[in-house]
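First the structure, in the form of structure tokens, and then the observations on it.
The values are calculated or read from the model by the stated rules, or taken from the named source; none is laboratory data. What you are looking at is a predicted structure, and each value in this text was computed from that prediction instead of being measured. Counting neighbours? That spans all protein chains shown, and the Cβs are built from the backbone with ideal geometry, glycine included.
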Amino acid sequence: MSATETDTNGPAEERTPSATRIAGHVRALCSLGPDRFPGSDANREAAAYVAGALRRAGCVVDEHRFDVPQWRAGTAEVIAGDFAVPALPGPFSAGIDAVGPLVCVETAEKLAGVDSTGAVLLLHGEIASAQLTPRGYPWYQNPEDTAVLEAIEALEPVAVVSATGKDAMTGGRSPFPLIEDVTFRIPSAYLGEADGAALAAHAGEPVRVRIDSETRASYGTQPIGRMPGAQAGRVVVAAHFDTTHGTPGALDNAGGVAVLLEVAEALAGSRTAREIEFVPFNGEDHTTSPGEVAYLAARPDVSDIALMVNIDGAGLPGGPTACSLYGVGEEMAGRIRDVMARFGSVAEGAQWPASDHMVFALRGVPALALTSTDFATASGVISHTPADTPDVVDAELLAEAARFIVALLAEV
Ligand SMILES: [Zn+2]
């Protein structure tokens, strides 16, 4: 039996996912900038945009409100004598304009023997080579990183300055914020490794740190759209619409959201076999994943999910959309591969243990993730940077990915 049944509202081709509409959604979402960081007005406007589009496609949409701080960041600088270095305010940092002696630390072990009360603490070298896992990150904790964050707080510096390069976990940003912890008590800023090395030459001298940044209480919403189905069990189609700070977020992930909206639009008015739940997640790129946490609070039992499909970072030209499988049984995998074979620009790709599909896969839900074949460029160069603009995504590739998902939903 066919899982979708078209009604009489119009010819079938009007329901085919369209590159033009996908490009329109990408532009619309990216115009809400400068970014869609949770807690911001633009993030709430984006939530309203996707909820509205899902309602127009016939979904029943619930919106779950969550508390999340709003972070506003201006500029930062570190001044040692006549040497002034521009820096970036650390995420969620308080603002400050203070002077203290410069204390430099290169390893976590050396934090123990340092007296930095009232000092400016420069973290560079090994200790600053990878982002410290934030306390309160819902999906995993790193006790060593927690110990480092607590040791820094206990040292009571007036400010922490980190000198960083690139970390694959933080996208294409360079420098990256070493500390991205909502609960971290010390004002912080970060700058590049070369500037850090130049600054370290001023160890022991008085250094001025000026950070224009503030964090205040705010909120966001997690929309969940549903299309009822006749059979038991649901299928979840997800794509996060939040971004990191300071990026338009086209490839990561307005493109994925556009695919989700086009799949909903393609199914509008049809009766699907299973309930389809459309989840534009609001927090994949946030250290507290507020939307994912709100979703699991609203729908804690995931045992009835037959398949979860996540689109994140898809649409980079130069290769097919890469589709990876997680915990999908032989029989379902066979059906997915049969559908994939009908689409020239969708191909099986390597698993990547990140993003929203892992929230489900780690709870035993069969999952499917769609991203770009050139994941290294999509994730490690473009994502999380100001260069992630609508022109980097191939709307035709995304339309084909949406058509693949529509075809797949008829088979599961
Ligand atoms: Zn993403």
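Numbers for the structure displayed
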quantity	calculated
Count of residues meeting criterion [polar (S, T, N, Q) and either closer than 20 Å to Thr183 by Cα or in contact with a Leu (Cβ under 7 Å, 6 or more places away or on another chain) (or both)] in the stretch 74-111	1
Selected residue (criterion: nearest to the ligand (Cβ to nearest atom)) from residues of the stretch 261-277 that are closer than 23 Å to His25 by Cβ and in contact with a strand residue (DSSP E or B) (Cβ under 7 Å, 6 or more places away or on another chain)	Val263
Only one of Pro300, Pro280, Pro353 that is within 16 Å of the ligand (Cβ to nearest atom), without any contact (Cβ under 8 Å) to a residue 12 or more places away in the chain and either out of contact with any Gly (no Cβ under 7 Å at 6 or more places or on another chain) or outside the structural domain of Gly233 (by TED's automatic domain parsing) (or both)	Pro353
Single match in Thr16, Thr20, Thr107 (criterion: farther than 22 Å from Arg208 by Cβ, at pLDDT below 95 and of a type in the set (Ser, Thr, Tyr))	Thr16
Test for Ser345: is it among the polar types (S, T, N, Q) and within 16 Å of the ligand (Cβ to nearest atom)	no
Among residues of the stretch 142-198, those that are surrounded by fewer than 18 Cβ atoms within 10 Å (Cβ to Cβ), more than 18 Å from the chain's Cα centre (by Cα) and among the polar types (S, T, N, Q), counted	3
Condition check for Glu275: outside any loop (DSSP other than H, G, I, E, B) and either closer than 23 Å to Arg36 by Cα or touching a residue at least 12 places away in the same chain (Cβ under 8 Å) (or both)	yes
Criterion (farther than 20 Å from Ala87 by Cβ and touching a residue at least 24 places away in the same chain (Cβ under 8 Å)) met by exactly one of Ala151, Ala128, Ala163	Ala151
Qualifying residue in the stretch 313-329 (condition: more than 18 Å from Gly380 (Cβ to Cβ), buried (at least 24 other Cβ atoms within 10 Å of the Cβ) and within 14 Å of the ligand (Cβ to nearest atom))	no
Hits in the stretch 62-71 - residues which are crowded, with 17+ Cβ neighbours inside 10 Å and part of a strand (DSSP E or B)	His64, Phe66, Gln70, Trp71
Only listed residue being closer than 19 Å to Val160 by Cβ, assigned to a helix (DSSP H, G or I) and among the β-branched types (Val, Ile, Thr), chosen from Ile79, Ile127	Ile127
All helices (runs of 4 or more DSSP H) inside the stretch 319-412 with 1 or more residues being of a type in the set (Phe, Trp, Tyr)	356-361, 395-409
Of residues in the stretch 223-260 being within 16 Å of the ligand (Cβ to nearest atom) and part of a strand (DSSP E or B), the one nearest to Phe37 (Cα to Cα)	Ala238
